[in-house]
Amino acid sequence: MTGLTGLRAVVTGGASGIGLATARLLAAQGARVAVLDRDPSPVTGLLFPVEADVCDDASVGAAVATVAEEFGGLDILVNNAGIGAIGTVEDNPDEEWHRVLDVNVLGIVRTSRAALPYLRRSAHAAIVNTCSIAATAGLPQRALYSATKGAVLSLTLAMAADHVREGVRVNCVNPGTADTPWVTRLLDAAADPEAERAALNARQPLGRLVLADEVAAAIVYLAGPAAASVTGTALAVDGGMQGLRLRPATAS
Ligand code: NAD
């Protein structure tokens, strides 16, 4: 497919998991794609790797300017870089709260701030933020992570309002638990990884983890001209986890 031919994109956290799947799909549909990551070394092929840390304003500004110069502008920003945190509100020290908020929320602020001057000049400007089911459902042991993703959801709506008259659409995707290197790391750290995987599968009505490619397809839709009338939305890609209420399988 070549539905995005001529468009120029940046994907943060694009060297792994959902970001890498998104970068590849954007490129497969014809876009020129830069991967902005603190470790872009896994990136190969048509993708343009740029090393930057979304916690460092100067690094982000320089990376976005480099991409815009290389591509002759910018049309799509996918704010996907994110990190996790486990625990209740009693468990994470202040330093961890600051660190995870810095990546997951301020990372979006910094990258968007750097990209907006270029996006305003685009005829098809779109920002897509990777949010989470954790923004809309209470999950155990995810107080800090959920707080960051709740902020991403609200920030998405506020940005959509601020920039709609500048021709910049802003949306987010809310993945359920997705089968990425992040989740593999979590499972590897569990006392019983198989039991943990089975529990995560069972939590999603479809009975399995979401695939990175499935989240990427939603991001690419929201980023492209097919979604020209879509702004200020959160698109769930969560195996039905947010919207469905099923009876136990044996009683259905
Ligand atoms: P991942 O760990 O596989 O990939 C994350 C990427 O972000 C890595 O390449 C990493 O190097 C990069 N990154 C991290 N911190 C960075 C920083 N400070 N600056 C630049 N790059 C940085 O993770 P994933 O599972 O693909 O998750 C991607 C996004 O999806 C995150 O925002 C996450 O919160 C969200 N999400 C994931 C899941 C899931 O179950 N995997 C579910 C819902 C939402």
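Tabulated data for the structure shown
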quantity: Kyte-Doolittle mean at least -1.0 and Cα axial length at least 27 Å: DSSP H helices in the chain; calculated: 143-163
quantity: Isolated Cys residues of the chain, judged by Cβ distance under 4.7 Å to other cysteines; calculated: C55
quantity: Residue with peak Gaussian network fluctuation, the chain [Cα springs, cutoff 10 Å], from D53, D192, D179; calculated: D192
quantity: For the chain, convex hull volume per residue from C-alpha positions, Å³; calculated: 132
quantity: The chain: relative contact order in percent, alpha carbon pairs under 8 Å with at least 6 residues between; calculated: 19
quantity: Mean Cα-pair separation over length for region 168-252, i.e. relative contact order, pairs under 8 Å, 6 or more apart, %; calculated: 46
quantity: Neighbourhood net charge (15 Å Cβ-Cβ; Lys/Arg +1, Asp/Glu -1) for L246; calculated: +3
quantity: The chain: most fluctuating residue of D94, D188, D75 per GNM, C-alpha cutoff 10 Å; calculated: D94
quantity: Using θ = phi - 60° and Karplus 6.51 cos²θ - 1.76 cosθ + 1.60, couplings along region 44-51 (whole Hz; Gly, Pro as x); calculated: 9, x, 7, 6, 9, x, 9, 7
quantity: Choice from A31, A202, A21 with maximal GNM fluctuation in the chain (Cα, 10 Å cutoff); calculated: A202
quantity: For region 128-204 versus region 1-55, the gap between their alpha-carbon centres in whole angstrom; calculated: 20
quantity: Cut-off under 5 Å, modelled amide H: who pairs with N129 long-range; calculated: N79, N171, C172, V173
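Rule-based calculations on the coordinates, nothing more; no lab input. Remember, it's a predicted structure, so these values are computed and weren't measured experimentally. Note: ideal-geometry Cβ built from the backbone for every residue, glycine included; neighbour counts use all protein chains shown.
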